[in-house]
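Every number here is computed from the coordinates shown, using simple stated rules; none is lab data. What you see is a predicted model, and the numbers here were worked out from it, not measured in a lab. Cβ coordinates were reconstructed from backbone atoms using ideal geometry, including for glycine residues, and neighbour counts include every protein chain displayed.
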Amino acid sequence: MKRKEVYEQQKIENKLEVTTYLDRLKYALASGTARINFQIDRRVDAGRNKRYTNRYTITTLFPDEDPATALKRELQYLSEEDYVKTVKDKRHPKQSEMRVFGKKYTENDVYIKIRVELVNAIGAGGDNFIFVMSFHFAEEAFEDSDFPYRKRGE
């Protein structure tokens with residue numbers, strides 16, 4: 001995965017930061033109040049091979065499921081070994097950072113980019129939001145070196 005977006009600042013978080021982020025994600029999912037905001041159709045997909053779009057990937061992998069339900073389930077299985085990097089979108093500097101993960105489904109690499117917003121504080125109402133920007137087959141195959149916390153050879 002060599003492609004780098006010019007509008008993003010990228011970094012590799014330490015393993016504890018990634019684990020904490022995943023704990024927050026799983027807390028939001030387990031709370032029952034998490035709302036998935038998923039861009040099934042994105043403007044950037046207009047000129048892209050449809051095989052690498054969110055819509056194609058979701059309907060191929062989970063043909064008989066509601067996308068939000070499938071994503072809630074699948075995001076629970078992310079681990080620090082699936083972590084690739086953290087990105088900050090310079091076009092939207094007030095929004096929190098997004099994390100990029102990669103997983104293999106049916107022998108195909110899937111690129112996953114998410115942001116978790118924990119709005120539901122103790123004693124306050126509201127939902128937790130999980131924004132899934134990308135959940136699509138990767139245009140380029142992942143390499144072991146893309147995963148800073150993956151045990152080599154997996």
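For the chain, what D do you get in µm² per second when you plug the Kirkwood radius from alpha-carbon pairs into Stokes-Einstein at 25 °C and 0.890 mPa s?
Details: Rh = 16.2 Å.
Calculated translational D: 152 µm²/s.
Please sort 78-84, 89-95 by packing, taking for each peptide the average over its residues of neighbouring beta carbons within 10 angstrom, highest first.
Values: 78-84: 19.3, 89-95: 10.0.
Most protected by this proxy first, the peptides run 78-84, 89-95.
Once amide H atoms are built 1.01 Å from N in the peptide plane, which residues 5 or more positions from Q39, or in another chain, come under 5 Å H to H?
Sorted by chain and number, the residues that satisfy this are V132.
Please list the helices of the chain that count as membrane-span-like by this rule: a mean Kyte-Doolittle hydropathy of at least -1.0 together with Cα atoms stretching 18 Å or more along the helix axis, each helix being a complete DSSP H run. Don't skip to the answer; put the middle values down first.
Working: long enough: 15-30 (22 Å, -0.02).
Counting only whole DSSP H runs, the qualifying helices are 15-30.
Sequence-distant or interchain residues sharing an amide H contact under 5 Å with S79, placed H: which?
none
Check which residues have an amide H placed less than 5 Å from A34's amide H, if you skip close sequence neighbours.
Those qualifying (amide H under 5 Å, at least 5 residues apart or on another chain) are N128.
Which one, T53, T106, T20, has the greatest fluctuation when you compute a Gaussian network model over the chain with C-alpha springs under 10 angstrom?
T106
Compare N128, N108, N54 in a GNM of the chain, Cα atoms joined below 10 Å, and give the one with the largest fluctuation.
N108
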